[in-house]
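Laboratory data are not the source of any read-out in this text; all were calculated from the coordinates shown. Keep in mind that this is a model prediction, so the values were computed, not measured. Here the Cβ positions follow ideal geometry from the backbone for every residue, glycine too, while neighbour counts run over all protein chains shown.
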Amino acid sequence: VLYAARVTPDALRGNGENLASVSAERSDNQFFVQAGPSIHRLVIDPGIVNDCATLIGRVFVDKNFDGEQQAGEAGIPNAVVFLDDGNRIVTDADGLFSVSCMLPGIRSGVLDFSSLPGYALAPNLYFNERNSQSRMVNIAPGGMVRMNFGVTPTFQEDAQ
């Protein structure tokens with residue numbers, strides 16, 4: 001019996017046993033034969049396979065409304081993103097943010113426009129689900145996902 005297993009980041013940690021046995025009737029003499037069980041014990045330790053997930057993202061001026069930062073589309077510093085677990089994230093000088101060792105699963109984040117005076121959500125011409133100040137992502141154990149927010153300047157006339 002040959003045993004092989006593929007261990008992915010979402011594999012359950014702990015011990016597992018796989019048992020295999022075989023029984024058959026011989027064709028030459030009609031005797032019943034049996035072998036096994038053969039047992040393979042598999043132990044999965046966290047080691048380099050980790051449940052912690054990573055969220056990366058950016059807040060940027062989306063000039064062409066495609067939802068992706070292109071050359072010439074500046075990042076927005078000090079923008080605030082709130083996550084569903086209560087974490088408050090502030091973007092760096094280039095509009096980038098990251099959170100490591102997040103719990104995997106479906107997670108959401110909301111861009112706080114009170115931290116972005118003079119900006120509004122950029123309309124996304126390609127993905128309707130991105131025409132909201134909130135984003136939802138599904139993070140696999142040990143995985144990494146992006147949560148980007150495109151914004152555009154608001155042009156308001158000065159009150160007289």
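A few points about this structure:
- Global form of the range 42-119, assessed from the alpha-carbon gyration tensor, a/c cut-off 1.5: prolate
- FRET efficiency for Asp85 and Asn18, using Cβ-Cβ distance with R0 set to 45 Å, rounded to 0.05: 0.75
- When the Cα positions of Gly75, Asn64, Asn138 are compared along the charge dipole of the range 53-153, Asn138 comes out farthest toward the positive end, with charges on each C-beta of Lys, Arg, Asp and Glu.
- Model label sites at Thr8 and Thr54, defined 7 Å from Cα along the beta-carbon direction, differ in position by 2.0 nm.
- The peptide list 60-67, 27-34, 15-22, put in order of mean Cβ contacts within 10 Å with the highest first, becomes 60-67, 15-22, 27-34.
- Taking the convex hull of the alpha carbon positions in the chain and averaging its projected area over all directions gives 16.1 nm².
- Summing +1 for each Lys or Arg and -1 for each Asp or Glu among the other residues whose beta-carbon sits under 10 angstrom from that of Gly57 gives +3.
- On full extension, the segment bounded by Ser108 and Asp28 gains 22.2 nm, given 0.36 nm per residue less the C-alpha separation.
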